[in-house]
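The values are calculated or read from the model by the stated rules, or taken from the named source; none is laboratory data. Keep in mind that what you see is a predicted model, and the values were worked out from it rather than measured. Neighbour counts are summed over all protein chains in view; Cβ atoms, including those assigned to glycine, are modelled from backbone coordinates with ideal geometry.
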Amino acid sequence: MELTHFNENGRARMVDVGDKRETKRTAVARGYIQMAEVTLETIKNGGIKKGDVLSVAQVAGIIGSKKTWDLIPMCHNILIDGADISFEMGEDRIWVEAQVKTTGKTGIEMEALTAVSIACLTIYDMCKAIDKRMVIGDIKLIRKTGGKSDFNL
């Protein structure tokens with residue numbers, strides 16, 4: 001398999017997608033933030049002093065998806081048709097899932113992965129005063145559609 005982000009001199013480059021056709025594309029990514037049970041209960045009960053943790057994390061994740069091209073050097077500036085973040089409470093963690101859609105010439109996987117990452121980081125930031133041992137993990141692409149190939153984990 002050829003890596004596409006290198007030029008003939010082995011230097012980094014942004015891939016030229018100008019000749020590709022536009023298709024509807026979606027990506028779903030998922031990850032978690034693990035925490036103490038008391039931290040999870042405090043979030044559920046609205047006791048975090050910085051505010052509604054999941055509402056803020058949801059907005060942050062959506063903003064993160066829109067700013068991916070600003071954060072990841074070789075990503076294209078993609079017009080996002082839609083983005084949504086959902087949360088699932090576990091015994092000791094919050095699962096975060098992002099679904100991002102576009103109609104464009106290149107995939108939207110990085111935007112979904114960034115959305116999950118930023119949402120998890122926001123939860124960490126809002127709760128770190130009561131739990132510095134939180135762990136963010138297992139962030140991965142679950143599904144993608146559109147372009148040359150579909151992917152489903």
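Say whether the condition of being within 24 Å of T23 (Cβ to Cβ) and out of contact with any Asp or Glu (no Cβ under 9 Å at 6 or more places or on another chain) is met by at least one residue in the range 130-143.
For the range 130-143, residues within 24 Å of T23 (Cβ to Cβ) and out of contact with any Asp or Glu (no Cβ under 9 Å at 6 or more places or on another chain): present.
When you check V116 against the structure, is it under 13 Å from the mean Cα position of the chain (by Cα), part of a helix (DSSP H, G or I) and at pLDDT 95 or above, yes or no?
Yes, satisfied.
Does the range 36-51 contain any residue that is surrounded by 13 or more Cβ atoms within 10 Å (Cβ to Cβ), touching a Ser or Thr at 6+ places or on another chain (Cβ under 9 Å) and not small (G, A, S)?
Scanning the range 36-51, I find at least one residue that is surrounded by 13 or more Cβ atoms within 10 Å (Cβ to Cβ), touching a Ser or Thr at 6+ places or on another chain (Cβ under 9 Å) and not small (G, A, S), so the answer is yes.
From the list E91, E41, E37, E22, exactly one residue is more than 20 Å from K132 (Cα to Cα) and not basic (K, R). Which is it?
Of E91, E41, E37, E22, the one residue that is more than 20 Å from K132 (Cα to Cα) and not basic (K, R) is E22.
Whether any residue in the range 18-27 is in contact with an Asp or Glu (Cβ under 7 Å, 6 or more places away or on another chain), surrounded by 15 or more Cβ atoms within 10 Å (Cβ to Cβ) and modelled with pLDDT of 90 or more is what I want to check.
yes
Name the residue, out of V56, V96, that is modelled with pLDDT of 95 or more, out of contact with any strand residue (DSSP E or B) (no Cβ under 9 Å at 6 or more places or on another chain) and not basic (K, R).
Result: V56 is the single residue among V56, V96 that is modelled with pLDDT of 95 or more, out of contact with any strand residue (DSSP E or B) (no Cβ under 9 Å at 6 or more places or on another chain) and not basic (K, R).
Go through (1) over 28 Å from M14 (Cβ atoms); (2) among the aliphatic types (A, V, I, L, M); (3) in contact with a helix residue (DSSP H, G or I) (Cβ under 9 Å, 6 or more places away or on another chain) and name the single condition A129 misses.
Only one criterion is unmet by A129, namely (3).
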